[in-house]
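What follows is one structure encoded as structure tokens, with my remarks underneath.
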Amino acid sequence: MSRFLTTVLLSGLFIIPLAGCGEGGGEMAIIDVDPRNGPTQGDQPVKIIGENFRTDIGYTVFFGNQRSPSVTIVDPQTMVATAPPYEEEGMVDITIRSDDGSAFRISEVFEYQEISGGVVERLGEGPEKQEGGGLAY
């Protein structure tokens, strides 16, 4: 059986069917990615929502040209991949390769953003105290 790749953009959602990949003969499809951005430092869990993810094979996920350090199949509709660190800001493709040889790409779906400083470094920053000040108990 020859494999084919089709990409369709529908109402902002990506649907990518892949012939003959699902358990029970269903086609694998990607419906959405959440979130669609994260820090260049990586370590951002990204939920890939789709159909017919198989639990009997492994998957490798790339963000741009960087391999995800962790990919977990939660159920046949949910895969979670950890975004790896990336050297520069900008949009990247997400490529998913399964151990059975199938592969597909979601073009420019994830945006790396430079986020500087940690939470502790930013303590005390933010909106000025409201008039009348203080916390309400």
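Return the total of residues in segment 66-86 being touching a Ser or Thr at 6+ places or on another chain (Cβ under 9 Å) and part of a loop (DSSP other than H, G, I, E, B).
Number satisfying all stated conditions: 7.
Return a yes/no flag: does segment 26-36 have any residue that is loosely packed, with under 14 Cβ neighbours inside 10 Å and assigned to a strand (DSSP E or B).
Checked segment 26-36: at least one residue is loosely packed, with under 14 Cβ neighbours inside 10 Å and assigned to a strand (DSSP E or B).
Could you please find all residues in segment 15-60 being under 15 Å from Ala103 (Cβ atoms), within 19 Å of the chain's Cα centre (by Cα) and modelled with pLDDT under 50?
Ile16, Pro17, Leu18
Can you name the residue in segment 80-137 that is closer than 30 Å to Glu51 by Cβ, at pLDDT below 90 and surrounded by 11 or more Cβ atoms within 10 Å (Cβ to Cβ) and, of all such residues, is farthest from the chain's Cα centre (by Cα)?
Here the answer is Asp100.
The values are calculated or read from the model by the stated rules, or taken from the named source; none is laboratory data. In this text, all values refer to a predicted model and were calculated from it rather than measured experimentally. Cβ coordinates were reconstructed from backbone atoms using ideal geometry, including for glycine residues, and neighbour counts include every protein chain displayed.
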